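Just so it is clear, none of the values below were taken in a lab; they were calculated from the coordinates. What you see is a predicted model, and the numbers here were worked out from it, not measured in a lab. Please note: Cβ atoms are built from the backbone with ideal geometry, for glycine as well, and neighbour counts cover all protein chains shown.
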Amino acid sequence: MRNPPRFLAHLLLFTLLAVTGTWLWLRHATAWDLGGRSPVLSYDAAQYAVAARELALRGRFATTFALPIELARHPSPPWPLALVQPGLVISEAALIHLVPEKTRIIEGRSWEIVRPDQLEWVVLVLPFIGYIVIAVGFGLAGSYLIRRLAPGLGTAARAAAGLVLGLAFLLDPEAQHYAVGGFTELPFTLGLCGALAALALGAAPRRPLLFGILLGLTGAFRGTMLWLAPILAIGNAAAADGRRFRTLVVTLIGYALPLLPWWLYKWHAFGNPAWDLSALSVWDGVQGRTWFSLFHLAAPPDLPRGMASITLLGAKTARNLPAVALALATGVHPLLLGALTVWAIAARDAARAVRAAAGTLLALLLVSLLATAVSVPQLRYLFPVRVLVDAAGLLALWDLIRRTGALTVPLRRALTALATLLVLGWGVHLTVVGEAEARDTSKERGTPATLTLLQIASIMNREIPAGEPVMSNLGPVLAWESRRPVIHLALSPDELDACRRRVDFRRVLLVFRDPAHAWPEWSGVIARPTDALHHAEWNVKHVREYRTADGFRLIWLDLGPLGPELATTGSR
C-alpha cells in the first residue's frame with residue numbers, strides 16, 4: 001500500500017458519509033411514513049415498477065399501464081413502453097429476480113407471489129445506493145481535485161474538504177426525497193457525476209469510447225441525455241491534448257452503443273427511434289393546452305407546425321425562463337454558481353481538463369434551464385445539473401479564496417471556514433424544513449395509504465375477471481397493486497366512449513378525497529355519483545360508493561355493453 005494515510009482518510013470519508021446518508025435517509029422516510037400513509041410507489045415510480053415486473057416475470061419490454069392517448073396507436077394490453085426509459089426498468093427487473101422463489105406457477109414458470117406492497121420496496125435499492133455513492137463520489141473526486149489545485153494541502157485537510165462536499169449533497173432535501181422513491185433522478189445524477197469527474201480528472205480524454213459508453217448508460221435512465229451528451233462530448237474534445245475531432249466522434253459513438261437496442265425497440269414499436277411520448281409536454285401551457293388535455297384523450301392532439309410551433313414554443317420559453325432561473329437564486333446557490341463562473345474565467349493556469357469540466361458544467365446548466373423552460377417548468381428537471389453546480393461551485397469558491405494573494409493566511413482560512421459553515425448550515429436548515437413538509441404533505445396525499453390500495457385491489461380481483469382492463473385515476477399504482485391492465489382516467493366522462501372504442505373496459509374506479517381534490521371534469525361525479533346514471537352518453541349502468549379508512553371516496557362505475565358506433569356524415 002503506497003500511501004496508508006491517504007487510504008485511511010478515504011476509508012474514514014466513505015464510512016462517515018455512508019453512515020450519515022443512511023441516517024438522513026431513514027429520517028426522511030420516517031417523515032413520509034413510507035409504506036404507511038405514503039405508498040412506496042408514486043405515479044412516476046409505479047410506471048417503472050410495473051414495466052420492470054413485466055420484464056422480470058414475462059421477459060418482455062411492455063407494461064400493463066397506459067394513458068388514453070396511447071390507445072390510438074396500441075389499443076390492447078400489454079402496451080409498449082412509450083414513457084419510461086430502459087435503465088431503471090432493467091435494474092428493477094434484475095432486483096425483482098433476486099426475490100426468493102416459492103412454488104407458485106405463472107405461465108409455466110415458478111415465481112414468488114408476494115404482496116405488492118412487499119415487493120415494491122425493491123425500487124428503493126438503486127436510488128438509495130445512488131444517494132450514498134454520489135455523496136462518496138463528490139468526496140473522493142473533490143479530494144483528488146483539491147490535490148491538483150492545491151498540492152501543498154495535507155491529506156487530512158483534503159479529506160475534510162471532501163467530507164464537506166459529500167455532506168452538502170446528503171443534506172439536500174430534494175436528494176433525500178428522490179432517495180426514498182423509485183425515481184430516475186439519482187441514478188441519472190450518479191452517471192452524470194461520474195462523467196464530470198472523469199472529465200475533470202483527465203480520464204475521459206484518454207478513453208473517449210469508455211466515456212461515451214458511460215454517457216449512453218446514463219442516458220438509459222433519462223431521455224434528457226439526448227441533448228446533454230453532445231455538450232459533454234464537446235467538453236471532452238476540448239479537454240484533449242490533440243486529435244480533438246476524433247475524440248468528439250468516438251465519444252458520440254460510445255454514447256450510441258448502449259442505446260442502440262433501445263432505439264431499435266422504439267423504431268419497431270412506434271415507427272420512430274426517437275419516439276418519446278413525454279415530448280408532448282412542451283405543449284403544456286400553449287394555446288390553452290394542459291398536461292391532462294394532451295395525454296388523457298384517446299386521440300393524438302392537433303399541434304401547430306413549422307414557424308407557428310417555433311414562435312409559440314419560443315414565447316413559452318421566454319415566459320417561463322425568468323421564473324425557472326429565479327427559483328435557483330435562493331440560499332447559497334447564487335454564491336456557488338457565481339464562484340464557479342468567476343473561476344472558469346479567471347483560473348487560466350488550472351489544468352486543461354479541469355477548466356473544460358467547469359465550462360462544460362456551465363453549458364449543461366444553461367441548456368437544462370432552456371429545456372426546463374420549454375417543457376414543464378419544475379425544478380426536479382434541473383436537479384442533476386444543479387447539485388453538480390453546487391459541488392463544483394464550493395470547490396471553486398475555496399480555490400478563489402486561496403488564490404486571493406491580497407488576503408493574509410489567517411483571513412483566507414477564516415473565509416474558507418465561513419463559506420463551509422454557510423453551505424452546511426443552509427443544508428441543515430433545508431433538511432429540517434424538508435422533513436416538516438414531508439410530514440405535513442403525507443397527511444394530505446392524493447394517493448390512498450398502502451393498506452387501502454391493497455383493499456381496493458382485493459375487491460377488484462374478486463369481482464373482475466383476471467386480465468380485464470379497468471380505468472382509474474390511480475393509474476400505474478393500481479396496475480401494480482392489482483396486477484391487471486389499467487388505463488389512466490380519461491379527461492372527462494364524455495371521453496369514455498372514445499376510449500372504449502379503442503379497448504373495451506367495463507369498470508371505472510374513481511378514488512379522490514372529495515370533489516375539491518378531483519379532476520375538474522370528474523368533480524361532479526364525485527359529488528353526486530348517482531347522477532352518472534342519467535347521462536345516457538356515458539353508458540353507466542350501476543354505481544357503487546365506498547369510504548376508505550383514510551378518508552378517500554371510492555366511486556365504482558359499471559359500464560354497459562358498447563353499442564354500435566355512429567358514422568359521421570358530411571357534405572361532399
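Remarks
- Alpha-carbon centroid distance for the pair region 1-78 / region 233-269, whole angstrom: 27 Å
- Summing charges over neighbours of Arg507, with a neighbour being any other residue whose Cβ is under 9 Å away from its Cβ, gives -2 when K and R count +1 and D and E count -1.
- With coordinates expressed along the principal axes, the C-alpha atoms belonging to the chain extend over 84, 56, 47 Å, beginning with the largest.
- Between helix 383-403 and the chain there is an angle of about 10 degrees, using the helix long axis and the longest principal axis of the Cα atoms.
- From phi via Karplus (6.51, -1.76, 1.60), per-residue ³J(HN,Hα) for region 486-491 in Hz, x at Gly/Pro: 10, 9, 4, 4, 5, 4
- Amide H contacts of Phe512 (H built 1.01 Å from N, under 5 Å, at least 5 apart or other chain): Arg553, Ile555
- Rounded to 5, the percent of DSSP beta bridges in region 450-559 classed as antiparallel: 70 percent
- The chain, helix-only ellipticity at 222 nm - DSSP H runs n ≥ 4, -39,500 (n - 2.57), divided by all residues, nearest 500: -19500 deg cm²/dmol
- Filtered trypsin sites (Lys or Arg not before Pro), region 257-329: DSSP coil and at most 12 other beta carbons within 10 Å: Arg305
- Translational diffusion coefficient (Stokes-Einstein; Kirkwood radius from C-alpha pairs) of region 417-555 at 25 °C, 0.890 mPa s, in µm²/s: 143 µm²/s
- Along region 542-550 the Karplus relation, 6.51 cos²θ - 1.76 cosθ + 1.60 evaluated at θ = phi - 60°, assigns HN-Hα couplings of 8, 10, 10, 10, 10, 10, 7, 5, 9 Hz to successive residues, with x for each Gly and Pro.
- Placing +1 on each Lys and Arg Cβ and -1 on each Asp and Glu Cβ, with no other charges, gives region 4-124 a dipole about its Cα centre of roughly 160 debye.
- Nearest-ten-degree value, helix 155-170 long axis tilted from longest Cα axis of the chain: 20 degrees
- Taking the C-alpha atoms only, the angle from helix 43-58 to the longest principal axis of the chain is near 80 degrees.
- DSSP assigns beta bridges within the chain; of those with both partners inside it, close to 65 percent run antiparallel.
- Fewest-first ranking of Tyr43, Tyr381, using other Cβ atoms within 10 Å as the exposure measure: Tyr43, Tyr381
- Sites listed here are GluC sites (Glu not before Pro) in region 381-478 whose DSSP assignment is loop and whose Cβ has at most 16 other Cβ atoms within 10 Å: Glu444.
- Within-14-Å neighbourhood charge of Thr548 [Cβ basis; K, R +1; D, E -1]: +2
- If you take all other residues with their beta carbon under 13 Å from the beta carbon of Ala66, and give Lys and Arg +1 and Asp and Glu -1, the sum is +1.
- Residues whose amide H lies under 5 Å from that of Phe65, counting only those 5 or more places away or on a different chain, are Trp79, Val486; hydrogens are built 1.01 Å from N in the peptide plane.
- Residues Met225, Met307, Met460 in ascending order of nearby Cβ atoms (within 10 Å, fewest first): Met307, Met460, Met225.
- As a rough footprinting exposure proxy, the listed residues Asp440, Asp390, Asp497, Asp302 were ranked by other beta carbons within 10 Å of their own, and the order from fewest upward is Asp302, Asp440, Asp497, Asp390.
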